[in-house]
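Student: Dumping the structure here so I can ask a few things about it.
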Amino acid sequence: MIISYEGHACFVLQGSKKIIIDPFLVSDIKAPQAYEDQDYDLILVTHGHRDHFGDAVRISKNSGAPIITVVELANILAAKGLNAVGFNIGGTYRSGEVRIKMTPALHSSSIRIDGQALYAGPPVGFIIRMDGLCIYYPGDTALFYDMATVIAREKIDRAFLPIGDYFTMGMRDAVTAADWLGAKKVIPMHYNTFPEITQNVNIFAQEIAEQTDSECIVMKPGEKINL
Ligand code: NI
Ligand code: MN
């Protein structure tokens with residue numbers, strides 16, 4: 001599977017389906033048009049905060065791909081005439097052979113529409129099964145113990161982990177998350193985008209190597225790798 005890192009917490013998974021997760025295209029990696037011209041099959045959104053949802057509407061309108069998210073947020077978007085599909089925590093959304101299970105996240109969620117912040121349902125994460133790989137995208141979250149039990153039980157191959165602290169868990173908790181999850185490879189995200197979430201990712205990579213059985217893959221914004 002080809003994974004590309006679009007900066008902050010945005011990744012594109014290219015396998016039998018092309019999936020963009022939490023589109024917020026902060027960087028100058030590509031012109032916005034480069035995203036809109038792509039044929040995404042699915043747009044996954046974990047919650048309504050701008051740094052996860054910011055470019056979802058535009059990409060959905062231009063690519064025709066549905067926004068897959070939690071029921072309350074999907075209802076808000078559908079009422080605006082957007083192509084949105086809502087399901088809920090513990091449930092699985094299927095698209096062909098691809099399975100996407102919704103997980104809880106320990107965070108908050110709201111969405112700004114016409115200048116007002118609306119309740120957007122609970123924040124969530126996703127476990128994505130595609131082409132024989134099981135990928136955990138926890139979204140914005142604090143460390144929570146279900147990662148060691150209910151989520152680890154899914155036999156996670158790849159885990160994206162927020163490490164920025166302040167808005168999500170920081171590096172120390174993310175190392176514990178990696179240990180609990182037992183994923184073969186972990187990819188840090190949600191750091192260095194804003195001053196509050198400045199982190200030295202090399203320390204994280206070193207601690208993952210020393211304290212867990214996982215391999216840390218540090219991706220640069222704009223980088224694309226076969227994982
Ligand atoms: Ni958030
Ligand atoms: Mn965030």
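What follows draws every value from the coordinates through simple rules; no lab data is involved. Since the structure is predicted, the reported quantities are computational estimates derived from the model, not experimental observations. All Cβ positions, even for glycine, are placed from backbone atoms using ideal geometry, and neighbour counts span all protein chains on display.
Student: With +1 on each Lys and Arg Cβ and -1 on each Asp and Glu Cβ, and nothing else charged, work out how big the dipole of the chain is about its Cα centre, in Debye to the nearest 20.
Tutor: Numbers: 20 positive and 26 negative charges, 115 e Å.
Dipole of the chain, to the nearest 20 debye: 560 debye.
Student: Take the residue pairs Lys61/Lys184; Lys185/Lys224; Lys80/Lys220; Lys17/Lys184; Lys18/Lys220; Lys80/Lys185 and return only those whose Cα atoms are more than 27 Å apart. Working shown, then result.
Tutor: Working: Lys61/Lys184 36 Å; Lys185/Lys224 15 Å; Lys80/Lys220 35 Å; Lys17/Lys184 22 Å; Lys18/Lys220 20 Å; Lys80/Lys185 39 Å.
Going by Cα-Cα distance, Lys61/Lys184; Lys80/Lys220; Lys80/Lys185 fall outside the 27 Å limit.
Student: Tell me the label-point distance for the pair Ala78, Val150, using the 7 Å Cα-to-Cβ offset, in nm and rounded to one decimal.
Tutor: The two pseudo-label positions are separated by 2.3 nm.
Student: Another one. Rounded to the nearest 0.05, what FRET efficiency do Gln206 and Asp131 give with R0 = 25 Å and r taken as the Cβ-Cβ distance? Could you check?
Tutor: On the way: r = 31 Å, r/R0 = 1.23.
The value I calculate is 0.20.
Student: Could you tell me the center-to-center distance, by alpha carbons, between the range 121-169 and the range 51-92 in angstrom?
Tutor: 20
Student: Can I ask one more? Quick check: residue separation of Asn192 and Arg99 times 0.36 nm, minus the Cα distance between them. What number comes out in nm? Could the numbers behind the result be given before it?
Tutor: On the way: separation 93, 0.36 × 93 = 33.48 nm, distance 3.11 nm.
Stretched out fully, the Asn192 to Arg99 stretch lengthens by 30.4 nm.
Student: Using the alpha-carbon atoms, what tilt in degrees (0 to 90, nearest 10) does helix 171-181 show relative to the longest principal axis of the chain?
Tutor: For 171-181 against the chain, the angle is about 90 degrees.
Student: Here's a follow-up. If I take every Cα pair under 8 Å that is 6 or more residues apart in the chain, average their sequence separation and divide by the length, what percent do I get for the relative contact order?
Tutor: On the way: 542 pairs, mean separation 38.8, N = 227.
Reported as a whole number, the value is 17 percent.
Student: Return the FRET efficiency for the residue pair Lys18, Ser108: r is the Cβ-Cβ distance, R0 is 22 Å, and the value is rounded to the nearest 0.05.
Tutor: Values: r = 30 Å, r/R0 = 1.34.
Once the sixth-power term is evaluated, E becomes 0.15.
Student: Full-extension gain between Thr92 and Val218, please, as 0.36 nm times their residue separation minus the C-alpha to C-alpha distance. Present the calculation step by step, with values, prior to reporting the outcome.
Tutor: On the way: separation 126, 0.36 × 126 = 45.36 nm, distance 2.90 nm.
Extending this stretch completely gives an extra 42.5 nm.
Student: Once you place label points 7 Å from the Cα toward the Cβ at Arg172 and Arg58, how far apart are they in nm?
Tutor: Label at Arg172, label at Arg58, 3.9 nm between them.
Student: Which of the listed residues, Thr141, His107, Ala177, is farthest toward the dipole's positive end in the range 92-186, when Lys, Arg count +1 and Asp, Glu count -1 at the beta-carbon?
Tutor: Result: Ala177.
Student: Assuming R0 = 22 Å, what is the FRET efficiency of Asp39 and Ile2, from their Cβ-Cβ distance, to the nearest 0.05?
Tutor: Numbers: r = 14 Å, r/R0 = 0.65.
About 0.95, to the nearest 0.05.
Student: If you don't mind, another one. Between His49 and residues 5 or more places away or on another chain, which pairs have amide H atoms under 5 Å apart, with H built 1.01 Å from N, and which residues are they?
Tutor: Distant-sequence amide H within range of His49: Ser110.
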